[in-house]
1. Any idea how many residues of region 64-84 are within 16 Å of Val27 (Cα to Cα) and in a loop (DSSP other than H, G, I, E, B)?
2. Being modelled with pLDDT under 95, among the charged types (D, E, K, R) and touching a Leu at 6+ places or on another chain (Cβ under 8 Å) is the requirement here; does Arg26 meet it?
3. Being in a loop (DSSP other than H, G, I, E, B) and in contact with a strand residue (DSSP E or B) (Cβ under 6 Å, 6 or more places away or on another chain) is the filter here, so list the residues in region 14-28 that pass it.
4. Exactly one of (1) assigned to a strand (DSSP E or B); (2) of a type outside the set (Lys, Arg); (3) under 15 Å from the mean Cα position of the chain (by Cα) is unmet by Glu31. Its number?
5. Has region 42-63 got any residue that is in a loop (DSSP other than H, G, I, E, B), of a type in the set (Val, Ile, Thr) and modelled with pLDDT under 95?
6. Out of region 1-13, which residues are in a strand (DSSP E or B) and either crowded, with 18+ Cβ neighbours inside 10 Å or in contact with a Phe, Trp or Tyr (Cβ under 6 Å, 6 or more places away or on another chain) (or both)?
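The values are calculated or read from the model by the stated rules, or taken from the named source; none is laboratory data. Here the structure is a predicted model, which means the values were calculated and not measured. Here Cβ is always computed from backbone atoms with ideal geometry, including for glycine, and neighbour counts include all displayed protein chains.
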Amino acid sequence: MEAIRLSPLDNIVVLTRRVEAGGRVRVDGVELTIDRSLGLGHKLALRPIAAGEKILKYGVSIGSATCDIGPGAHVHLHNMRSDYLPTYTIEEGRLFRDGA
C-alpha cells in the first residue's frame, strides 16, 4: 500500500512510502498517477478539488485549495492555504507588513 485515506470524508490521501514520478497509487478503487517524486507523508488529491474547496484530512478541513487541483496532484503550500494559521508564501497582490 503506497497511500492511505485516513477518513472516508477525505478528498486527499497520504503517501505511506516514497513514490517516483509516473508511479501509480491505488486507493479505494481509484488509481492515481503521480506527476512528481514524493516522499512519505505527502498529500495527493484523491479526486478533483476546485479552487476554494476545503481540503479534508482526518475528516476535517486543514485548509482551502488556492487553485483547481487534479486527481493525483501533490497537495501542499503551492496550491492550498491554511484557514487557521498563516501560510508564509507570497500571494499575488498581497503586501507583507505588520498585520497585512
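1. 4
2. yes
3. Once the filter is applied, which keeps residues that are in a loop (DSSP other than H, G, I, E, B) and in contact with a strand residue (DSSP E or B) (Cβ under 6 Å, 6 or more places away or on another chain), region 14-28 yields only Thr16.
4. Every listed condition holds for Glu31 apart from (3).
5. The answer is no, given that none of the residues of region 42-63 is in a loop (DSSP other than H, G, I, E, B), of a type in the set (Val, Ile, Thr) and modelled with pLDDT under 95.
6. Ala3, Ile12, Val13 - these are the residues of region 1-13 that are in a strand (DSSP E or B) and either crowded, with 18+ Cβ neighbours inside 10 Å or in contact with a Phe, Trp or Tyr (Cβ under 6 Å, 6 or more places away or on another chain) (or both).
Residues are listed down the side, and each one gets a yes or a no for (1) exposed (fewer than 15 other Cβ atoms within 10 Å of the Cβ); (2) in contact with a Leu (Cβ under 8 Å, 6 or more places away or on another chain):
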| residue | (1), (2) |
| --- | --- |
| Leu15 | no, yes |
| Glu20 | yes, no |
| Leu38 | no, yes |
| Leu44 | no, yes |
| Ile49 | no, no |
| Lys57 | no, yes |
